[in-house]
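A short reminder: the numbers here are calculations on the coordinates, not readings from a lab. All figures in this text were calculated on a predicted structure; none of them were measured in a lab. Glycine gets a Cβ as well: all are built from the backbone with ideal geometry, and neighbour counts include every protein chain shown.
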Amino acid sequence: MKNKIWLSSPHIGENEFKNVKDVFESNWIAPLGPFVDEFENKLSKYCNTEVAALNSGTSALHLALILHGIKKDDIVLCQSFTFSATVNPIIYQNAIPVFIDSENETWNMCPNALETAIIKYIKINKKPKLIIPVHLYGMPAKMNEIIYLSNKYDIPILEDAAEALGSKYFDKPCGSFGNMAILSFNGNKIITTSGGGALLCKDKNVIKKAKYLSTQARDEAPYYQHSEIGYNYRLSNVLAAIGVGQLDVLENHVNSRRENFSFYEKHFEPYNFISTLAELDGFFSNRWLSCILVNPNNEKKITSEQIRLKLEDENIESRPLWKPMHLQPIFKQYDFIGNNICKTLFETGLCLPSGSNLEITHLNRVFETIKSIL
Ligand SMILES: *Cc1c(COP(=O)(O)O)cnc(C)c1O
């Protein structure tokens, strides 16, 4: 059996190991410490926001909803084409997600569908409380259009930038546009702390409150006193030590992933039934995952699923695109606004191996394997 080629594996270096050794030697094994501070400061500079380092992207989303005052029966407009972690915290708050379709140019929240949804819910006196666009696979959403609607109807934006650290929209980092934003450092993301996340916001006081809520909402007193419900959501100093090392190689990871994408783009060019997602003017994707769309109306009736199975035979991991949330059994009772563009993306798309540690021999093996059935 040939060596396994993974979809997106962690890529860790000597510096991360050295930092973790530091942590052991200094005995800062706790959900606070110098590396948590340093990680926050570095992220803060990079994203141009204040930052709270947390133990996952999901807990960052949960705190963001709490800080926006999202509660029972509130309407939250959420991109349907995403990972379930975007939606689960809406349910934790007993609020109601309304799923918004994607457009074909970025695969993210369609501004037209968004406005249709806003108007629909304002009409029945249930004005939505929050808009959650996602920069899926690292491609920025059409933020100008979404911000325009956010201002027009006075509904704040929470950006899910879990997959988009290193991506830019008109030279500004993804995660710096919303009223708040979140990042993830899970094992397969562009940089990782094994598990981790961050909440971003320009307002210092909001981040202060997030840190307080994430450490069990302790009042200022020598004993443990609580006036609010708290959470245990802070990032460990051990993991922040890995994160500090990873931030130093973020640019390299982005470059490698973009090179992977260019490789696939160039090699699939001759096949007119296979397409990739181009960047619009002003859009800069970290190309977290390289994806292809396979139009099944081709001579040999090749589908993305046949390609996935062929790759699997050769010990190469690939994956269908995210299954939209409005098609998930657990979320099927919720409203969906749009034309099912994201359903077609799901049915015809495939994520190819995209790690920043892939070598050209790996990429060639992926391409040759696919080519053998085209
Ligand atoms: C990974 C991811 C999350 C959740 O992050 P975790 O750190 O795994 O909790 C949220 N949204 C999207 C779009 C993601 O890809």
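Assorted remarks:
- Charge dipole of region 1-133 about the Cα centre (unit charges at C-beta), most positive-ward option of TYR121, ASN94, ASN3: TYR121
- Residue-by-residue Karplus 3J(HN,Hα) for region 172-184, coefficients 6.51, -1.76, 1.60, Hz, glycine and proline x: 10, x, 4, x, 10, 9, x, 4, 9, 8, 10, 10, 10
- Placing dummy labels 7 Å off each Cα toward the beta-carbon, the span from ASP154 to PHE367 is 5.5 nm.
- Over the chain, DSSP H runs of length four or greater, each weighted -39,500 (n - 2.57), average out per residue to a 222 nm ellipticity of -11500 deg cm²/dmol.
- A viscosity of 0.692 mPa s and a temperature of 37 °C, combined with the Kirkwood radius over C-alpha pairs in the Stokes-Einstein formula, give region 240-322 a diffusion coefficient of 220 µm²/s.
- Cβ-derived FRET efficiency at R0 22 Å, ASN144 paired with ASN255, nearest 0.05: 0.25
- Sequence-distant residues sharing a close amide H with LEU235 (under 5 Å, placed H): LEU54, ASN55
- Longest exposed-site-free window of the chain, the sites being GluC sites (Glu not before Pro) in a DSSP loop that have at most 13 other C-beta atoms within 10 Å: 1-219
- For the listed residue pairs LYS300/LYS371; LYS72/LYS172; LYS42/LYS209, the alpha carbons are over 23 angstrom apart in LYS72/LYS172.
- Overall dimensions of region 49-159, expressed as equivalent-ellipsoid semi-axes from the Cα gyration tensor (√(5λ), whole Å, largest first), are 20, 18, 13.
- Unit charges on C-beta of K, R, D, E only; dipole of region 209-268, Debye: 100 debye
- Size of electric dipole in the chain: Cβ of Lys, Arg +1 and of Asp, Glu -1, about Cα centre, debye, nearest 20: 680 debye
- Taking amide H atoms as placed 1.01 Å from N in the peptide plane, the amide H of ILE75 lies under 5 Å from those of ILE96, LYS129, each 5 or more residues away in sequence or on another chain.
- Equivalent ellipsoid semi-axes, region 305-359, via Cα gyration tensor eigenvalues times 5, rooted, Å: 28, 12, 10
- The trypsin sites (Lys or Arg not before Pro) of region 16-103 that DSSP puts in a loop, and whose beta carbon has at most 16 other beta carbons within 10 Å, are LYS71, LYS72.
- Compactness relative to 2.2 N^0.38 Å, alpha carbon Rg of region 271-374: 1.19
- Here the simple spin-label model places points 7 Å from the Cα toward Cβ, and for ALA217 and GLU279 these points are separated by 4.3 nm.
- For the chain, the Stokes-Einstein estimate of translational diffusion at 4 °C and a viscosity of 1.567 mPa s comes to 61 µm²/s, using the Kirkwood hydrodynamic radius over alpha-carbon pairs.
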